[in-house]
Amino acid sequence: MSETNMLVADFALEKCQSLSENAIALTQKLVRYKSITPDDAGSMCFLIRKLQSLGFDCHEVTRQGVRNLVAKRVFGPGETLAFAGHLDVVPTGPVELWQCPPFAAEIQDGRLYGRGVADMKGAIACFIAAVESLIEQCNRGSLMFLITCDEEGEAEHGTAVLMSHLKQQGVDHLPNYCLVGEPSSRKTLGDVLKIGRRGSLSAHIRVYGRQGHVAYPHNCDNATHHTSRLLQRLLALKWDEGTAQMPGTTFQVTQLNSGEFVDNVVPGACDVCFNIRYSSRFNEAELKRLIDDILLDLDLNYDIDWQRPCAPYFNQADEFVALICGAIDTVVGQVPMLTTDGGTSDGRFIASNHTQVIEFGLKNDNIHQINESADVQDIADLAHIYQLAIQAFCLDAAQIGQRQAQQLAALT
């Protein structure tokens with residue numbers, strides 16, 4: 001290797017190490033904020049200062065005390081790539097069961113421990129570190145951050161509010177593509193890429209009867225019996241088996257309650273709650289009509305409260321999927337499995353005909369658990385994957401060629 005190539009290789013290696021170290025250090029800083037949902041605990045101020053130092057225009061959108069952030073920087077003509085994430089975390093559980101304090105962000109045996117490191121402060125830190133590594137070279141397109149502190153709770157005042165704010169300004173303010181940093185990986189970093197999600201619809205039904213003494217059933221109308229008939233019909237429904245891209249529709253009862261138990265009292269009311277996870281073969285209106293028809297057919301006296309509707313979405317942007325898959329393969333040497341399974345995420349608020357959404361982040365094998373942690377090498381690799389994605393959006397061909405030449409020189 002020539003002296004010039006050695007210098008280029010050393011420079012490329014130094015930049016690579018710098019990105020990894022920056023991603024890990026930023027992850028530690030974010031984890032040390034005790035941001036149990038929906039309290040940002042100062043993490044939002046830190047994030048705003050960091051992004052402003054990188055030239056981003058930051059705008060807070062606050063609702064019911066929940067802080068949300070839209071940050072954008074325009075580098076030139078072209079499309080907008082957004083990164084969506086949440087700073088809030090779930091409670092720690094018994095602190096004494098953790099092998100190190102849950103907000104200390106300690107590294108032990110190559111793993112970084114802390115509540116929220118995988119879900120999902122690590123991904124936020126990796127994307128910021130990736131942006132910082134390229135910020136002086138970006139000359140086309142735009143980058144955007146969509147950050148909330150209300151994802152782990154009811155998610156009523158978080159990303160949904162951010163997207164409503166952007167839509168009010170016009171479709172031109174919406175990103176073309178969005179990378180959601182949810183922990184999508186399973187056994188190894190990059191083995192799974194989420195390209196869509198099933199829809200979700202919940203309901204609370206109260207069925208009424210007439211309370212009375214069990215010894216005089218002719219004077220009563222057992223609400224639990226009526227509810228049992230309803231459940232028989234609901235559980236007998238034949239749902240679709242899904243598509244090649246999306247699992248089939250499922251129905252699950254989540255609560256059944258006939259009030260305070262007394263052995264000699266017939267319940268006068270019974271509550272049943274359920275959730276439907278549905279494929280793109282259905283829509284919200286069709287599901288509601290299906291349930292309403294059953295209720296009317298049974299001639300029940302009831303109230304129904306439909307809750308938390310989420311439409312299904314599926315990424316149609318093959319080039320976006322191929323770009324992320326290629327970045328993953330380049331860094332960790334595997335092609336991810338494309339899935340739409342699992343629960344809902346904030347991607348449901350972002351996905352639209354204008355915005356294509358992909359979810360990709362760290363492993364999810366211990367999220368929300370005692371001793372939540374992430375491999376520091378995974379954090380470093382995730383930052384490099386994000387870097388390649390940003391490079392494709394915000395660097396022109398000449399600059400990409402120059403970076404590739406540096407990387408090639410580092411390997412020869």
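Please treat every number below as a calculation from the coordinates, not as lab data. Values in this document were obtained by computation on a predicted structure and should not be read as measured data. So basically every Cβ, Gly included, is an ideal-geometry build from the backbone, and we count neighbours across all protein chains shown.
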Fill in the blank from the handout: The exposure ranking of E152, E106, fewest beta-carbon neighbours within 10 Å first, is E106, E152
Completion exercise
Scalar couplings 3J(HN,Hα) for segment 377-390 by Karplus 6.51 cos²θ - 1.76 cosθ + 1.60 (θ = phi - 60°), nearest whole Hz, x for Gly and Pro, are 5, 5, 4, 4, 5, 4, 4, 6, 5, 4, 4, 5, 5, 5
Exercise for the section: Take L146, L174, L237 and order them by how many other Cβ atoms sit within 10 Å, fewest up front. Expected result: L237, L174, L146
Handout entry: Distance between segment 91-152 and segment 354-384 - C-alpha centres, whole angstrom
Key = 9
Handout entry: Phi to ³J(HN,Hα) by Karplus 6.51 cos²θ - 1.76 cosθ + 1.60 over segment 360-365, Hz, x for Gly, Pro
Key = 7, x, 6, 6, 10, 6
Exercise for the section: Would you mind checking which residues have amide H under 5 Å from A84's amide H? H placed 1.01 Å from N; only 5 or more apart, or other chain. Expected result: L146, L179, V180, G181
Completion exercise
A chain fully extended from L296 to Q316 at 0.36 nm per residue, minus the present Cα-Cα distance, gains in nm 3.3 nm
Exercise for the section: Please sort by residue number the trypsin sites (Lys or Arg not before Pro) in segment 252-318 whose DSSP state is loop and whose Cβ has at most 12 other Cβ atoms within 10 Å. Expected result: none
Practice task
Among the trypsin sites (Lys or Arg not before Pro) in segment 205-276, which ones are in a DSSP loop with at most 13 other Cβ atoms within 10 Å of the Cβ? Mind listing them?
Solution key: K238
Fill in the blank from the handout: Applying the gyration tensor rule to the Cα atoms of segment 168-209 (axes a ≥ b ≥ c; rounded if a/c under 1.5, else prolate if a/b exceeds b/c, else oblate), the class is oblate
Exercise for the section: On a 0 to 90° scale, report how tilted helix 284-297 is relative to the longest principal axis of the chain, with both axes built from alpha carbons and the result rounded to the nearest 10. Expected result: 10
Problem - Tensor-based shape of segment 82-176 (alpha-carbon gyration tensor, a/c under 1.5 rounded, otherwise prolate or oblate) - result: oblate
Completion exercise
Going from the fewest other Cβ atoms within 10 Å to the most, one would list Y208, Y33 as Y208, Y33
Handout entry: Mean projected area (nm²) of the alpha-carbon convex hull when segment 281-357 is viewed from all directions
Key = 7.2
Practice task
Pop out the Kirkwood hydrodynamic radius of segment 199-310 from its pairwise C-alpha distances, inverse of mean 1/r, in Å to one decimal.
Solution key: 15.1
Problem - Phi-based couplings in Hz for segment 69-84 (Karplus 6.51, -1.76, 1.60; Gly and Pro marked x) - result: 9, 10, 10, 9, 9, 9, 9, x, x, x, 8, 10, 9, 9, 10, 10
Fill in the blank from the handout: Classified through the alpha carbon gyration tensor (a ≥ b ≥ c as square roots of its eigenvalues; rounded if a/c is under 1.5, else prolate when a/b is larger than b/c, else oblate), segment 139-209 comes out oblate
